[in-house]
Amino acid sequence: MKRVLLIEDLPQVAQHLQQMLARENEVEIAGVQTHADAAIAQVTTEKPDIVMIDALLSGKVTGFDIAKKIREVSPGTRIVIVTVPQRPIEPKPEQAIDAVFVLPGGMNELGVAMNVGRHAKTTRHGNIVAIYSPKGGTGKTMIALNIACVLRRQGKAVALLDGVMQFGALRHVLQVPPTARSFVDLPAAGAMKVSINEVLWEGPGGVHVLLSPGRPEESDLVQAADVATAMNLLSETHDYVIVDTPTRLSEDTLAILDAASMILIVVTYMSATVANSRAAIDTFDALGYKGAKPILLVVNQADTPGGMSRGGIEHALNLPILGELPTDWKVVSESLNKQQPFVISNPNTAISKAIENLANSLVAQQRK
């Protein structure tokens, strides 16, 4: 069910659109707003799946201005601009316009604009983001988990894959029930597609989690090719597939990195982490990743002095920094002990806000 918010100041147009939306089985009307401030406030708190905005709104704030503000506060919301034939508009996601609905269009045109019902794409080919670090203890598992939760909160369909097959990193930071199924319950190759959704465990906030095997010896049953296949299958039904990647550049790790559409390398301002990352990036260059997919840096514990600056680490690794996360031992430790993502248990802390900013930057990067 898609929740749709209308931003329309003409009562007759608003009524007409509401009547059309009411005939769509997969749509729920979240409300009608006539003023920009109230509309943006509702989007900020509720994160509707779709917002329809009249391009001809009266007043100082235009529909295009509202669209840009909505994109800032809710990057996952689909923005549909409503116009008339005399005022043609091109859909441009980089300008916060995902689709255009031209009045007096019919239900088919409306369904295409909203991407719902029989007009919805059956194959999403979502973004696969590998969270990687060549050094243990950088916090990549917690970052992967919390980014997934933020993206899900923004209305996206999100899958989280535990790529650490032998010891299962995500199992230690989540309250996984003993009955939860794992990767070893998946059939291999072509038969995987029909059963992969049955193996997913619904984690915190509605994130779909594909767990690693429950026992270390079961990891031998998982083939690298099957990991890549699972990632690609998940991308067909999810907007984002976040993968917690092993530290060692093993066959499994390389399969994950090959299938990923983006690689986020987690580093700190410590020289040992930077040196290990430099070695890994050299390997990525040899594998042909450079130029083929975005490779970006995430600096964890960025407020902990380590003798390097932001510019220094970007120069040393020749990669841009997508985001920086502050140190908060209390919040992170509590999150680990309670096995609950801190963006859910402590959403207003500095580190949770930083994760949200990182997720927004990730979305913006993918839009490019």
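The values are calculated or read from the model by the stated rules, or taken from the named source; none is laboratory data. The structure presented is a predicted model; accordingly, all values stated were derived computationally and were not measured. Cβ placement follows ideal geometry from the backbone for every residue including glycine, while neighbour counts extend to all protein chains displayed.
Only one residue in Ala148, Ala159 is within 28 Å of Asn276 (Cα to Cα) and among the aliphatic types (A, V, I, L, M), so which one is that?
Ala148 is the lone residue from the list that is within 28 Å of Asn276 (Cα to Cα) and among the aliphatic types (A, V, I, L, M).
Going through the stretch 206-219 one residue at a time, which ones are out of contact with any Ser or Thr (no Cβ under 9 Å at 6 or more places or on another chain) and surrounded by 17 or more Cβ atoms within 10 Å (Cβ to Cβ)? Please lay out each step first, then the result.
Of the stretch 206-219, the ones out of contact with any Ser or Thr (no Cβ under 9 Å at 6 or more places or on another chain) are 206-207, 209, 215-217.
Correct list: Val207, Val209.
Exactly one condition in (1) part of a helix (DSSP H, G or I); (2) at pLDDT below 90; (3) surrounded by 14 or more Cβ atoms within 10 Å (Cβ to Cβ) is false for Val43; which is it?
(2)
How many residues are in a loop (DSSP other than H, G, I, E, B) and surrounded by fewer than 18 Cβ atoms within 10 Å (Cβ to Cβ) when one looks only at the stretch 311-348? Before the answer, list the steps.
Filtering the stretch 311-348 for residues in a loop (DSSP other than H, G, I, E, B) gives 318-320, 325-328, 339-341, 346-348.
Applying the additional criterion that residues be surrounded by fewer than 18 Cβ atoms within 10 Å (Cβ to Cβ) yields 318, 320, 326-327, 339, 347-348.
Here the count works out to 7.
Please enumerate the residues belonging to the stretch 213-249 that are within 15 Å of the chain's Cα centre (by Cα), of a type in the set (A, V, I, L, M) and either within 23 Å of Ala280 (Cβ to Cβ) or modelled with pLDDT under 85 (or both). Please lay out each step first, then the result.
Looking only at the stretch 213-249, we keep the residues that are within 15 Å of the chain's Cα centre (by Cα), and these are 231, 234-244.
Adding the requirement that they be of a type in the set (A, V, I, L, M) leaves 231, 234, 241-243.
Selection gives Met231, Val241, Ile242, Val243.
Considering every residue within the stretch 13-35, establish whether at least one is of a type outside the set (Gly, Ala, Ser) and on the phi > 0 side of the Ramachandran plot. Lay out the reasoning, then the answer.
In the first step, residues of the stretch 13-35 are kept if they are of a type outside the set (Gly, Ala, Ser); the result is 13, 15-21, 23-29, 32-35.
Next, from what is left, pick out any that are on the phi > 0 side of the Ramachandran plot: none.
No.
Evaluate the following for Ile79: is it among the aliphatic types (A, V, I, L, M), out of contact with any Phe, Trp or Tyr (no Cβ under 8 Å at 6 or more places or on another chain), within 29 Å of Glu356 (Cβ to Cβ) and outside any strand (DSSP E or B)?
Numbers: among the aliphatic types (A, V, I, L, M): yes; out of contact with any Phe, Trp or Tyr (no Cβ under 8 Å at 6 or more places or on another chain): yes; within 29 Å of Glu356 (Cβ to Cβ): yes; outside any strand (DSSP E or B): no.
Considered against the rule, which asks whether it is among the aliphatic types (A, V, I, L, M), out of contact with any Phe, Trp or Tyr (no Cβ under 8 Å at 6 or more places or on another chain), within 29 Å of Glu356 (Cβ to Cβ) and outside any strand (DSSP E or B), Ile79 comes out as no.
Give me the pairs: first residue in the stretch 324-335 and closer than 15 Å to Lys140 by Cα, second residue part of a helix (DSSP H, G or I) and of a type in the set (S, T, N, Q), beta-carbon distance under 7 Å, and six or more apart or on different chains, which are they?
Ser335/Ser345
Does Leu151 count as over 21 Å from Val227 (Cα atoms) and at pLDDT 85 or above?
Spelling it out, Leu151 is indeed over 21 Å from Val227 (Cα atoms) and at pLDDT 85 or above.
Please find, within the stretch 269-291, the residue that is surrounded by the most Cβ atoms within 10 Å (Cβ to Cβ) out of those that are within 26 Å of the chain's Cα centre (by Cα) and farther than 30 Å from Thr327 by Cα.
The extreme case among them is Tyr289.
Would you point out which residue out of Gln12, Gln86, Gln19 is closer than 20 Å to Glu109 by Cα, in the same structural domain as Met114 (by TED's automatic domain parsing) and in a loop (DSSP other than H, G, I, E, B)?
Numbers: Gln12 fails: in a loop (DSSP other than H, G, I, E, B); Gln19 fails: in a loop (DSSP other than H, G, I, E, B).
From the options Gln12, Gln86, Gln19, the qualifying one is Gln86.
I'd like the residue in the stretch 221-268 that is among the charged types (D, E, K, R) and assigned to a helix (DSSP H, G or I) and, out of all such residues, is surrounded by the fewest Cβ atoms within 10 Å (Cβ to Cβ).
Glu251
In this structure, does Leu325 turn out to be among the hydrophobic types (A, V, I, L, M, F, W, C), closer than 20 Å to Leu160 by Cα and out of contact with any Cys (no Cβ under 9 Å at 6 or more places or on another chain)? Outline the logic, then answer.
Values: among the hydrophobic types (A, V, I, L, M, F, W, C): yes; closer than 20 Å to Leu160 by Cα: no; out of contact with any Cys (no Cβ under 9 Å at 6 or more places or on another chain): yes.
In short, no.
Taking the criterion of being in contact with a His (Cβ under 6 Å, 6 or more places away or on another chain), in a strand (DSSP E or B) and closer than 30 Å to Arg78 by Cβ, would at least one residue in the stretch 159-179 satisfy it?
At the first step, the residues of the stretch 159-179 found to be in contact with a His (Cβ under 6 Å, 6 or more places away or on another chain) are 159.
Next, only the ones that are in a strand (DSSP E or B) stay: 159.
From what's left, closer than 30 Å to Arg78 by Cβ: 159.
Yes, the stretch 159-179 contains at least one residue that is in contact with a His (Cβ under 6 Å, 6 or more places away or on another chain), in a strand (DSSP E or B) and closer than 30 Å to Arg78 by Cβ.
Any idea which of (1) closer than 23 Å to Thr141 by Cβ; (2) surrounded by fewer than 17 Cβ atoms within 10 Å (Cβ to Cβ); (3) touching a residue at least 24 places away in the same chain (Cβ under 8 Å) is the one Arg367 doesn't satisfy?
(1)
Do you know which of the residues in the stretch 198-211 that are in contact with a helix residue (DSSP H, G or I) (Cβ under 7 Å, 6 or more places away or on another chain) and assigned to a helix (DSSP H, G or I) is farthest from Ala148 (Cα to Cα)? Walk me through it before giving the result.
As a first pass, look at the stretch 198-211 and keep what is in contact with a helix residue (DSSP H, G or I) (Cβ under 7 Å, 6 or more places away or on another chain): 199, 204-207, 209-211.
Narrowing the set further to residues that are assigned to a helix (DSSP H, G or I) leaves 199, 204-206.
Numbers: Val199: 18, Pro204: 10, Gly205: 9, Gly206: 10 Å.
Result: Val199.
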